[in-house]
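Trainee: Dumping the structure here so I can ask a few things about it.
Coordinate-derived values only; no laboratory data. Just so we're clear, the structure is a prediction, and the values are computed from it rather than from any experiment. Here the Cβ positions follow ideal geometry from the backbone for every residue, glycine too, while neighbour counts run over all protein chains shown.
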Amino acid sequence: MFTINKCQQNISIQDLGRPTAQHLGFSGTGAADEYSFLLANQLLKNPSNTPALEIILGQVSLRFTKASTFVITGADCLARLSNTRLENNKIYHASANSELTLQMPKTMVYSYIAIEGGFECQYWLNSASQAKNEVSLGLVSPRIKQGTHFTRANINIESVDSVYQHQVESHFHQNDKLTLRFIPSNAWSTLTLQQQQQIMESSFTIAPASDRMGYRLSGNPISSKLPQQLSAPVNYGTIQLPDDGCPIILMKDRQTIGGYPVLGNVARIDLFRLAQKRPGESVTFLPITTQQAQAQLFAFYSQFQTRAFEHLDSSQPAFQNS
Amino acid sequence: MIDLKQVNIDSIAEDAILISWPDVIAPAIAEQIVFIKHCLKECGEQKIIDTVSSYTSLLIYYRFDLITSDQLKALILKQLAVISSNKNPQVASDIIDIPVYYAGWDLNEVSDLTQLSSNEVIDLHCKHHYTAYAHGFVPGFCYLASIDKQIQLPRKATPRAQVPAGAVAIAQEQTAVYPMDTPGGWHILGFTPIKMFDIAQQQFFPKIKLGQIVNFTPICQEKYLDLGGKLHKEC
């Protein structure tokens, strides 16, 4: 249905990830920005967990070998379909032999290309997501490179109405400084009020060594030393505090267990926003409660026509081995 | 016995509750963690997404659309109470024996650092039974503890870019088998010909289950090759 013409190891297949396989040591993985991923499938009326292409910083081209209906969401890569300039979040019909080109976006990081009806890919433990460190195991589709060909999947969907208007908050990603709301850990509550105040009033900069596994923050190092503990399970959004005082926020391709002290856990919808921020951009921290974070996340998923955990309903809990 | 006052149950994220035991590596805690996992799996049904455990902690991912964190905490407390009234939760299964050809790249270095002979290092590594505490790092990697104090060493200062599948290694009070070729910073004592996981019909079967007891048995090169082992050249 389409063939990759140009890319630089910056494309992967992503869906909502592999949350039921973490006890085996597999990363939770999944789309870095669930907002843009879910929006893409919603616009096409695909099932919400239909795999899409996730592209880091554009600069990709592909050729449709058959007529296809698609949408681009996330970072705006000034896309062109042959000679027509495209807009994000709009449905387009590509004819056979037309070429889709994405340039380097001016802002944000991840773009998603979703195809009406999806494309064939190899599943492993209920997900087609290609986690950075696990692709080489050969359990999911091989890493995408120039010449990789995709064929149409046979996912049943309603036919797409081009003028379909989505009811999704359109200002989810903002250009201004991002406030990361977080649920404080027990270790956080051992800090003095003054130490907590210092962290909340500090501005941190996203460091260059940030990727799908974790975002490293630099700035005034946090001087409060937290006690080292035995390695413990870590989560999407865990804020680790190594001895150098520079926090690391664990992202989608995180490991399952980690040893650094933990300050708290960033609210999930702010992680979708953080993923789209680039090195050099600033963030601050603000504590919230679990209930507040749950309410926000519930409202987030409710915007989409599908429920938050729909993709888990059909999956086999992969418990049998531990 | 378990002192419930020493166990913390905390809501750490929208869909995750962390149970933390006192921060000491102990087989009794591992048994309790495995027991709780089994109970939650039984009674949690679709409400539990997954559980991830380590030495002294258990993370429970749950469907917050189906159960509230308070309901889940109550369920956990109920199961903990069952344990506290039961001295020996029956979860341990048969002992796993892992044959090792002790010709590891770091055997001499470990011997130097510990001021023991190679044979003494091997004997100390084989003489103990180990408890399987956690899966992680890479799929199939299982953290085993605790090794003899005399051979406990910090990780290598610089990790190797490539450690071969089957490498049996130690770090601090832990030992493990590398399930696949991967970078790694533990001291390699030997190699096992045994596969650490199987994949069949979209399922992943780690060789070692959590809570299981593992011991290592030395084998000669001939036996190692017979069992399908490969000789690795240090890279």
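Trainee: For the pair A:Ser170 and A:Gln292, how long in nm is the line joining their label points, each one 7 Å along Cα→Cβ?
Mentor: 2.9
Trainee: Going by a ≥ b ≥ c, the root eigenvalues of the Cα gyration tensor, does region A:178-302 fall in the rounded group (a/c under 1.5), the prolate group (a/b larger than b/c) or the oblate group?
Mentor: rounded
Trainee: Straight-line reach from A:Lys277: which aspartates and glutamates have a Cα under 15 Å away, not including same-chain ones fewer than 8 places off?
Mentor: Cross-link targets: A:Asp33, A:Glu34, A:Asp76, A:Asp176, A:Asp211.
Trainee: Under 28 Å between alpha carbons, and skipping anything fewer than 8 positions from B:Lys37 in its own chain: which lysines qualify?
Mentor: A:Lys252, B:Lys5, B:Lys47, B:Lys73, B:Lys78, B:Lys87, B:Lys195, B:Lys207, B:Lys209
Trainee: Picking from A:Gln255, A:Ala295, A:Leu180, whose Cα lies most toward the positive end of the charge dipole for chain A (charges on Cβ: Lys, Arg +1; Asp, Glu -1)?
Mentor: A:Gln255
Trainee: Sticking with this one: For chain A, set up a Gaussian network in which alpha carbons nearer than 10 Å are linked by springs, and say which option among A:Gly25, A:Gly214, A:Gly237 fluctuates the most.
Mentor: In this elastic network of chain A, the residue with the biggest mean-square fluctuation among A:Gly25, A:Gly214, A:Gly237 is A:Gly25.
Trainee: Show that you can apply the helix-only estimate: for the protein assembly as shown, add -39,500 (n - 2.57) for every DSSP H stretch of four or more residues, divide by all residues, and state [θ] at 222 nm to the nearest 500.
Mentor: The helix contribution divided over the protein assembly as shown gives -5500 deg cm²/dmol.
Trainee: Extending each Cα 7 Å along its Cβ direction at B:Ala28 and A:Asp244, get the distance between those two points in nm, one decimal.
Mentor: With each label placed 7 Å out from Cα toward Cβ, I get 4.1 nm.
Trainee: What is the gain in length, in nm to one decimal, between A:Asn186 and A:Asn10 on full extension, counting 0.36 nm per residue of separation less the C-alpha to C-alpha distance?
Mentor: Using 0.36 nm per residue and subtracting the Cα-Cα distance, I get 59.6 nm.
Trainee: Would you mind getting me the FRET efficiency between B:Glu173 and B:Cys220? Use the beta-carbon distance for r and R0 = 30 Å, nearest 0.05.
Mentor: Calculated transfer efficiency: 0.60.
Trainee: Same structure again: Computed over the Cα atoms, what is the radius of gyration of chain B divided by 2.2 N^0.38 Å, N being its residue count?
Mentor: Dividing the Cα Rg of chain B by 2.2 N^0.38 Å gives 1.11.
Trainee: Shifting gears a bit: Work out how much length A:Asn220 to A:Gln194 would gain on full extension: take 0.36 nm times their residue separation and subtract the Cα-Cα distance, in nm to one decimal.
Mentor: Computed gain between A:Asn220 and A:Gln194 is 7.9 nm.
Trainee: Which whole-angstrom value gives the distance between the alpha carbon centres of region B:51-65 and region A:245-271?
Mentor: Using only Cα atoms, the two centres lie 15 Å from each other.
Trainee: Which lysines have a Cα less than 19 Å from the Cα of A:Lys225, not counting those fewer than 8 places away in the same chain?
Mentor: In chain and number order, there are no partners.
Trainee: Take the Cα atoms of region B:4-84, find their three principal axes, and give me the spread along each one in whole Å, biggest first.
Mentor: Each principal axis gives a Cα extent; for region B:4-84 these are 35, 23, 20 Å.
Trainee: Here's a follow-up. Picking from A:Gln229, A:Gln22, A:Gln255, which is most flexible by a Gaussian network model of chain A using Cα springs under 10 Å?
Mentor: Answer for the Gaussian network model of chain A: A:Gln229.
Trainee: Cut-off 10 angstrom, C-alpha nodes, Gaussian network model of chain B. Which of B:Ala74, B:Ala26, B:Ala165 fluctuates the most?
Mentor: The residue with the greatest mean-square fluctuation here is B:Ala74.
Trainee: What does a probe at B:Lys41 reach in region B:100-135, counting residues whose amide N is under 20 Å from the point 7 Å along Cα→Cβ?
Mentor: B:131-135
Trainee: Rg and Dmax of the protein assembly as shown, Cα atoms, in Å?
Mentor: Expressed in Å, the Cα Rg and Dmax of the protein assembly as shown come to 24.6, 77.
Trainee: Tell me which residues come under 5 Å, amide H to amide H, from A:Ala94 once H is placed; ignore anything under 5 positions away on its chain.
Mentor: So A:Ala94 has HN proximity to A:Ser68, A:Thr69, A:Phe70.
Trainee: Turning to a different aspect of this structure: Under a crude label model (7 Å from the Cα following the beta-carbon direction), how far is B:Lys5 from B:Ala157 in nanometres?
Mentor: 4.7
Trainee: I need the calculated FRET efficiency for the pair A:Lys145 and A:Ala67, taking r as the beta carbon distance and R₀ as 30 Å, to the nearest 0.05.
Mentor: 0.75
Trainee: Starting at the first residue of region A:194-200, write each ³J(HN,Hα) from the Karplus equation 6.51 cos²θ - 1.76 cosθ + 1.60 with θ = phi - 60°, in whole Hz, x for Gly and Pro.
Mentor: 5, 5, 5, 4, 4, 5, 6
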